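Please read the structure below before turning to the comments.
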Amino acid sequence: MVSRLEGKVAVITGAAMGMGAGAARRFITEGARVVLADIDLPAAAALAKELGDNAVAVGHDVSDEGSWETVVGTAEAAFGGIDILLNNAGIWRTAPLVEQSAEGFDRIIAVNLRGVFLGMRAVATPMRARGGGSIVNTSSTAGLVGLANMVAYGASKWGVRGITKVAAVELGPWGIRVNSIHPGGVDTPMTASLRFGREDAVATHPPIGRHGTPSDIADLHVFLSSDESSWITGSEIYIDGGLMAGPTPH
Ligand SMILES: NC(=O)c1ccc[n+]([C@@H]2O[C@H](COP(=O)([O-])OP(=O)(O)OC[C@H]3O[C@@H](n4cnc5c(N)ncnc54)[C@H](O)[C@@H]3O)[C@@H](O)[C@H]2O)c1
């Protein structure tokens, strides 16, 4: 079988666990070399060790401008450049609008939105030097509709959806595609408190009667990162078991 990412170098933020780790595992099996960037360096390093010589870990806070230079430098030193960026890292905190602190709001915006901006800016020129590339920005269903208690998270994810389109327009002529993905509820450490998969799970019922897995998201990441999607840019892809299609009768 042909490896769908053969010869490509990917930077994945938030790669130590959850969807980022799922994508990293899949990218290695599809022939990519992968930089695992995460604020939790020990966890990223443990995964890189497990994945072997085609993976390297780097400590990284996506909201920190200088930290991105380290990531780009690591990719260039280890693997000679960057073809793919998965802007996956994110934090999720909820609060009713009237109780949301300004500091908490700013931190979510810094990680989830400023981090995506800094990432796109950092890789655009190195990708252009390679003749192009693919950037996949992780938004959410919270970036498509208004979800209660998510004034900060929702703002960050609506922002990601918007700047993805700006970047697609600006970077298309450089051969760089930029798309956003919009997962529904996915079973990861982030959502552990929601108890997906258990009888007492918080009720959200996608028409496809289960919550998502990191493997479901990795399928989409491979497609959007590979040449199979070479005419897709500026798009927003829902990956939510049909949740956004409408309410499920029950
Ligand atoms: N899990 C869901 O149901 C769901 C749904 C929609 C969207 N999302 C989004 O998908 C992405 C991945 O979510 P997940 O569920 O895998 O999360 P997770 O919490 O399981 O993993 C997130 C990873 O990001 C890292 N991280 C956190 N802050 C960071 C920072 N400042 N810099 C670098 N790394 C940082 C963490 O250490 C962790 O390894 C996030 O952007 C999240 O908002 C998640």
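The values are calculated or read from the model by the stated rules, or taken from the named source; none is laboratory data. The structure displayed is predicted, hence computed values, not measured ones. For neighbour counting, all protein chains shown are included, and Cβ atoms are generated from backbone atoms with ideal geometry for every residue, glycine included.
In the range 72-95, the residues that are within 14 Å of Gly119 (Cβ to Cβ) and within 12 Å of the ligand (Cβ to nearest atom) form Cβ pairs under 8 Å with partners that are modelled with pLDDT under 95 and not in a strand (DSSP E or B), at six or more places apart or across chains, as follows: Gly90/Met190. The residues of the range 120-152 that are near the ligand (Cβ under 10 Å from one of its atoms), small (Gly, Ala, Ser) and either in contact with a Phe, Trp or Tyr (Cβ under 7 Å, 6 or more places away or on another chain) or part of a helix (DSSP H, G or I) (or both), listed by number, are Ala142, Gly143. What are the residue pairs meeting all of these: first residue in the range 180-208, first residue among the acidic types (Asp, Glu), second residue modelled with pLDDT under 95 and outside any loop (DSSP other than H, G, I, E, B), Cβ atoms under 8 Å, and 6 or more apart or on different chains? Taking only residues 6 or more apart or on different chains, not a single pair turns up. Could you tell me whether Ala37 is assigned to a helix (DSSP H, G or I), hydrophobic (A, V, I, L, M, F, W, C) and within 15 Å of the ligand (Cβ to nearest atom)? For Ala37, the condition - assigned to a helix (DSSP H, G or I), hydrophobic (A, V, I, L, M, F, W, C) and within 15 Å of the ligand (Cβ to nearest atom) - is not met. Out of the range 18-34, which residues are within 16 Å of the ligand (Cβ to nearest atom) and of a type outside the set (D, E, K, R)? Correct list: Gly18, Met19, Gly20, Ala21, Gly22, Ala23, Ala24, Phe27, Val34.
Look at (1) in contact with a strand residue (DSSP E or B) (Cβ under 7 Å, 6 or more places away or on another chain); (2) in a loop (DSSP other than H, G, I, E, B); (3) away from the ligand (no atom under 16 Å from the Cβ) and you find that Ala15 fails only one, number (3). Give Arg121, Arg128 a once-over and let me know the one that is modelled with pLDDT of 95 or more, surrounded by fewer than 16 Cβ atoms within 10 Å (Cβ to Cβ) and under 17 Å from the mean Cα position of the chain (by Cα). Just one listed residue meets the conditions, Arg121.
Restricting attention to the range 162-179, the residues that are over 17 Å from the mean Cα position of the chain (by Cα) and without any contact (Cβ under 8 Å) to a residue 12 or more places away in the chain add up to 3. Across the range 197-227, the qualifying residues are those that are farther than 20 Å from Val11 by Cβ and at pLDDT 95 or above, and the one among them that is surrounded by the fewest Cβ atoms within 10 Å (Cβ to Cβ) is Ser215. Remark: pairs (first residue in the range 109-122, free of Cβ contacts under 8 Å to residues at least 24 places away in the same chain and within 12 Å of Asp64 (Cα to Cα); second residue assigned to a helix (DSSP H, G or I) and β-branched (Val, Ile, Thr); Cβ separation under 6 Å; 6+ apart in sequence or on different chains) are absent.
Of all residues in the range 18-34, those satisfying the criterion of being surrounded by fewer than 24 Cβ atoms within 10 Å (Cβ to Cβ) and part of a helix (DSSP H, G or I) are Gly18, Gly22, Arg25, Arg26, Ile28, Thr29. Only residues that are crowded, with 20+ Cβ neighbours inside 10 Å and either in a helix (DSSP H, G or I) or within 11 Å of the ligand (Cβ to nearest atom) (or both): list them for the range 169-183, please. Leu171, Ser180, Ile181, His182, Pro183 - these are the residues of the range 169-183 that are crowded, with 20+ Cβ neighbours inside 10 Å and either in a helix (DSSP H, G or I) or within 11 Å of the ligand (Cβ to nearest atom) (or both). Here is the figure for the range 186-196: residues that are modelled with pLDDT under 85 and among the hydrophobic types (A, V, I, L, M, F, W, C) total 2.
So which residues in the range 55-70 are part of a helix (DSSP H, G or I) and more than 10 Å from the ligand (Cβ to nearest atom), if there are any at all? Across the range 55-70, the qualifying residues are Glu65, Gly66, Trp68, Glu69, Thr70.
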